[in-house]
Amino acid sequence: FRRVLFRSRKVLVVDDDSLHARTLCRTLAFLGYATVTAKSLSESLRRLADCEPPVGLTIVNTGLPGRGAEEIARRVRSEYPETKLMIISGAADDYLRSIKGQAKPDGVLLKPFDRASLFASLVEVFN
């Protein structure tokens with residue numbers, strides 16, 4: 001079922017908290033996704049450029065220091081337009097008000113979340 005719904009997709013998880021990133025990657029692996037991680041803008045751009053097959057979804061934690069999440073979203077949209085974008089946030093409304101135009105995500109996942117909410121967000125993003 002998972003493979004039929006999402007096919008084979010690679011997901012980039014951008015989070016400066018290693019524990020949160022590992023937990024999310026394990027859940028994504030359970031759902032059938034291959035994952036790569038990054039902790040910063042520069043690392044995420046390297047991962048996007050180097051991944052084969054290409055990244056189908058970038059998930060960004062809005063809690064990155066400074067305006068890191070907004071800049072990653074902007075760069076993903078401008079440099080990798082075929083890549084879907086999802087944000088994870090405890091305060092998505094603040095984030096969504098602060099971003100401009102094209103950097104809007106395809107999906108939003110509110111913290112705290114469980115496997116079912118993640119699955120529902122993935123369905124929303126890819127359908």
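The values are calculated or read from the model by the stated rules, or taken from the named source; none is laboratory data. It should be emphasised that the depicted structure is a prediction, and the values quoted were computed from it without experimental measurement. Using ideal geometry, Cβ is built from the backbone for each residue, glycine included, and neighbour counts are taken over all protein chains shown. For the accessible areas, the whole protein counts, side chains as well, though only heavy atoms, and no ligand, DNA or RNA atoms are used. Shrake-Rupley method; radii C 1.70, N 1.55, O 1.52, S 1.80 Å.
Reported to the nearest whole Å, the Cα centre-to-centre distance from segment 70-92 to segment 19-36 is 18.
Normalised by residue number, the volume inside the convex hull of the Cα atoms of the chain is 95 Å³ per residue. Solvent-accessible area of the chain (1.4 angstrom probe, protein heavy atoms only): carbon and sulfur portion equals 53 percent. Only protein heavy atoms count here; on that basis, with a 1.4 Å probe, residue 35 has an accessible area of about 50 Å².
Placing a pseudo-label 7 Å from each Cα along the Cα-to-Cβ vector at residue 29 and residue 42 gives an inter-label distance of 2.8 nm.
For the chain, the dipole from Cβ point charges (+1 on Lys and Arg, -1 on Asp and Glu) about the Cα centre works out to 280 debye, to the nearest 20. Estimated at 0.36 nm per residue, the fully extended path between residue 51 and residue 104 surpasses their Cα-Cα distance by 16.8 nm.
With both labels modelled 7 Å from their Cα along Cα-to-Cβ, the residue 116 to residue 19 distance reads 2.5 nm. Surface listing: 114, 15, 106 arranged by accessible area from highest to lowest gives 114, 106, 15, probe 1.4 Å.
Residue 107 sits among other residues whose Cβ lies under 13 Å from its own Cβ, and their net charge, with Lys and Arg +1 and Asp and Glu -1, is 0.
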